[in-house]
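S.K.: First, the structure itself, so that you have it in front of you.
The values are calculated or read from the model by the stated rules, or taken from the named source; none is laboratory data. Note that this is a predicted model, so its numbers are computed, not measured. Counting neighbours? That spans all protein chains shown, and the Cβs are built from the backbone with ideal geometry, glycine included. Accessible surface areas use protein heavy atoms only, side chains included; no ligands, DNA or RNA. Shrake-Rupley method; radii C 1.70, N 1.55, O 1.52, S 1.80 Å.
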Amino acid sequence: MVKQRSKIAAWVEAMRLRTLPVSLAGATLGIAYAVKASVFSWLPALLCLLFAVLAQIASNFANEYYDFVDGLDRPGREGPRRGVTEGDITPRAMKRATFITLAAACLLGLCVVPFAGWWLIPVGIAIALGVYAYSAGPWPLSRHGLGEVAVVVFYGIIPVNGIYLVLGHHFSTEVVLGSLSVGLLGANVLVVNNYRDTDDDRAVGKHTLSVLLGARSMPFLYALNAILAIVLMWSQWSVLGFTWIPALFLLPLMAVPVAMTRLSGRRLTPLLGLTALSMFLYALLFLLL
């Protein structure tokens with residue numbers, strides 16, 4: 001029984017639950033725009049939300065599997081425990097889980113096609129390829145300083161605009177700005193992650209943005225992303241009459257880069273979760289107000 005609980009805990013850790021608010025935030029913001037435009041429909045919205053979460057879990061599984069296979073993870077590394085590296089999960093099981101989860105996400109995506117049209121299929125294929133390309137393939141994005149850019153695209157631009165297009169069947173400048181805003185906040189989750197793992201990544205030749213630019217630049221990048229994210233949606237909050245909300249969010253977000261300079265190793269992990277949660281709450285408040 002103890003062994004079973006250990007296995008369950010290992011799989012839960014592999015899902016990286018503290019980062020899932022990133023996908024929830026993008027989907028929530030897309031839904032928020034649909035609600036405000038009076039084009040909301042609960043079934044396709046729910047399918048899109050579940051698709052976003054499953055796609056992120058598949059990406060997390062793939063990242064753990066391919067980093068292990070390519071020798072980029074070492075036992076005792078900084079950050080959360082890696083199940084495959086530490087022997088809690090077999091590589092074969094993780095690879096199987098990656099493709100099963102991705103297949104489940106694709107099936108959900110196909111269920112959205114009747115609500116949106118066949119144009120959604122190439123978008124879904126691009127997302128599936130993005131899940132793979134982030135950690136694998138001939139030029140993995142996460143190993144060449146493009147992880148943060150990938151987050152902006154796949155957790156900001158695509159889900160927010162995609163969901164709004166599914167529900168409202170048209171594009172909007174405000175939605176595009178909102179997608180960039182939430183994407184930048186999502187990129188900051190990876191900024192903290194890569195900042196924490198800089199020494200480990202450098203040691204194994206993984207060229208994250210923190211390795212390429214230097215760890216000292218990461219707190220500044222975090223602050224810049226946060227400020228740009230707030231500025232991009234400031235006028236939209238102003239129209240709603242709640243300009244104090246983005247100002248309120250900016251305070252804890254600005255505290256994170258300061259904390260980054262004073263903490264190291266596993267002590268940085270809570271900042272990662274705080275960033276992801278703040279991002280989701282930001283999108284949720286935009287939906288509710």
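S.K.: If G178 passes every condition in (1) under 18 Å from the mean Cα position of the chain (by Cα); (2) closer than 21 Å to L271 by Cα; (3) open to solvent by less than 10 Å² (accessible area, probe 1.4 Å) but one, which one does it miss?
M.R.: (2)
S.K.: Okay, moving on. For G137, only one of the following conditions fails: (1) of a type outside the set (A, V, I, L, M, F, W, C); (2) farther than 19 Å from P159 by Cβ; (3) surrounded by 14 or more Cβ atoms within 10 Å (Cβ to Cβ); (4) modelled with pLDDT under 95. What is its number?
M.R.: (3)
S.K.: Search segment 163-175 for residues being free of Cβ contacts under 8 Å to residues at least 60 places away in the same chain and farther than 17 Å from L287 by Cα, and hand back the single one that is most open to solvent (accessible area, probe 1.4 Å).
M.R.: Selected residue: F171.
S.K.: Exactly one of these conditions fails for D70: (1) closer than 20 Å to K206 by Cβ; (2) in contact with a helix residue (DSSP H, G or I) (Cβ under 7 Å, 6 or more places away or on another chain). Give me its number.
M.R.: Only one criterion is unmet by D70, namely (2).
S.K.: Being β-branched (V, I, T) and open to solvent by 50 Å² or more (accessible area, probe 1.4 Å) is true for just one of V160, V149. Which residue is that?
M.R.: Answer to the check: V149.
S.K.: In the list P122, P91, P75, which residue meets the criterion of being open to solvent by 30 Å² or more (accessible area, probe 1.4 Å) and within 19 Å of A27 (Cα to Cα)? Even if it seems obvious, please write down each step before you answer.
M.R.: Values: P91 fails: within 19 Å of A27 (Cα to Cα); P75 fails: within 19 Å of A27 (Cα to Cα).
Just one listed residue meets the conditions, P122.
S.K.: Quick check, is P91 more than 21 Å from the chain's Cα centre (by Cα) and closer than 18 Å to E64 by Cβ?
M.R.: yes
S.K.: Oh, and also: May I ask you to say which residue of F154, F68 is out of contact with any strand residue (DSSP E or B) (no Cβ under 8 Å at 6 or more places or on another chain) and either of a type in the set (D, E) or surrounded by fewer than 22 Cβ atoms within 10 Å (Cβ to Cβ) (or both)?
M.R.: Answer to the check: F68.
S.K.: Is it true that A126 is in contact with a helix residue (DSSP H, G or I) (Cβ under 7 Å, 6 or more places away or on another chain) and not basic (K, R)?
M.R.: no
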